[in-house]
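*Asks:* After the structure tokens below, expect a handful of questions from me.
Values quoted throughout were computed directly from the atomic coordinates according to the rules given, and no laboratory measurement underlies them. Note that the coordinates shown come from a computational prediction; the quantities given were computed from them, not determined experimentally. In this analysis, Cβ positions are derived from the backbone assuming ideal geometry, glycine residues included, and neighbour counts consider all displayed protein chains.
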């Protein structure tokens, strides 16, 4: 999580009184909820949160009931995509107190897993301006989260490698998964998070599945010989199912984070390295590398002429921006390959007023909306991602945290040259 956004006004005092996400007591009162890329947690939930099972009484029974109601759907997803079914139920507790807190009661109906963008029943926009998926059923949200939209979008493939049916290692899976899903670098406590999830799995979830005579995730994988990745091995095309596209293989017609066309800010956050991470030419995110390859701009050679340019990785601000726009589905591949410079991008924006609005010249952050392209003719271009941050790449050799780095990084807003025009996608 970067700077945490308070979902002010979303919850009534009555709802606040029952928030128990990652708290010491099931009925602990949380003052507000916070949004991150995928989820909505109780305030303070991850910044050094508790490590033992926090559930008792009503909260414990509520999770058990959820297991009995939605366990079969989660097991179907394990067979199809390899996602451990118990983890799905544990995440419901972590992210929405199984549907009784956060965005799930704020307006994102049946979204118990904190999924951004659009669901099969539309979307709901929180007070912070972020769109959250609305679903026709909880089962539909499970299919999105456990499938190619979130867990099988390619970001977590290294975690799935621990799920061989002959040596199923759920703690290691969680450790790697959480390092991407809720990393320490975002102000979270990965160790506490993993301990919480395991405590839910080994407590109320285990009790419920034993009452139903259901196997654990490991037992299901062994009994049915479910390979890593289920019916869709890692590294194979996974786009389309479950309402979202795959992260490392097939983004066709969808945004790689939310599965929704036009979500530029969220796409930029996923393609860029996070604050403090290395953004060297040989260290792109897998999502950025894959989309850059699709544009024919990657040869595997680091370095080369003009800031890496064509010979190395996409080590320039203009190439990062156009890759994000392409990955978000707001420009076609044919358009993108003709937008590899700042000048070409500005010409494209100006020539497509039906899709892009030139809002004006940047003066303060209040002028911006997440997804806005900040473009200074001949000097720099980047994408505003909200919360005082931008995503971009830079030819500079500087490794300072305040600079984007050669393969793209999230940083506080900074400026090179100027003035900066604001271009906004109209959809």
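*Asks:* At a 10 Å Cβ-Cβ cut-off, how would you order 338, 232, fewest neighbours first?
*Replies:* 338, 232
*Asks:* Something else about it: For a test of the definition: using alpha carbon positions, the gyration tensor, and the 1.5 limit on a/c, classify segment 49-197 as rounded, prolate or oblate.
*Replies:* Numbers: a/c = 1.32, a/b = 1.26, b/c = 1.05.
It is rounded, given that a/c, with a ≥ b ≥ c, falls under 1.5.
*Asks:* Another one. Which of the peptides 101-112, 379-390, 347-358 is most tightly packed, and how do the rest follow, going by the mean number of other Cβ atoms within 10 Å of each residue?
*Replies:* 101-112, 379-390, 347-358
*Asks:* Based on the alpha-carbon gyration tensor of segment 123-188 and its eigenvalue square roots a ≥ b ≥ c, which shape applies: rounded if a/c is under 1.5, prolate if not and a/b is larger than b/c, or oblate?
*Replies:* Oblate is the answer for segment 123-188, as a/c is 1.5 or above yet b/c matches or exceeds a/b.
*Asks:* Based on other C-beta atoms within 10 Å, arrange 60, 288 from fewest to most. It would help to have the intermediate numbers written out before the result.
*Replies:* Details: 60 19, 288 26.
The most exposed by this proxy come first: 60, 288.
*Asks:* Please arrange 365, 80 by how many other C-beta atoms lie within 10 Å of their C-beta, fewest to most.
*Replies:* 365, 80
*Asks:* Multiply the residue gap between residue 338 and residue 76 by 0.36 nm, knock off their C-alpha separation, and tell me the result in nm, one decimal place.
*Replies:* Details: separation 262, 0.36 × 262 = 94.32 nm, distance 4.34 nm.
So the chain would gain 90.0 nm between residue 338 and residue 76.
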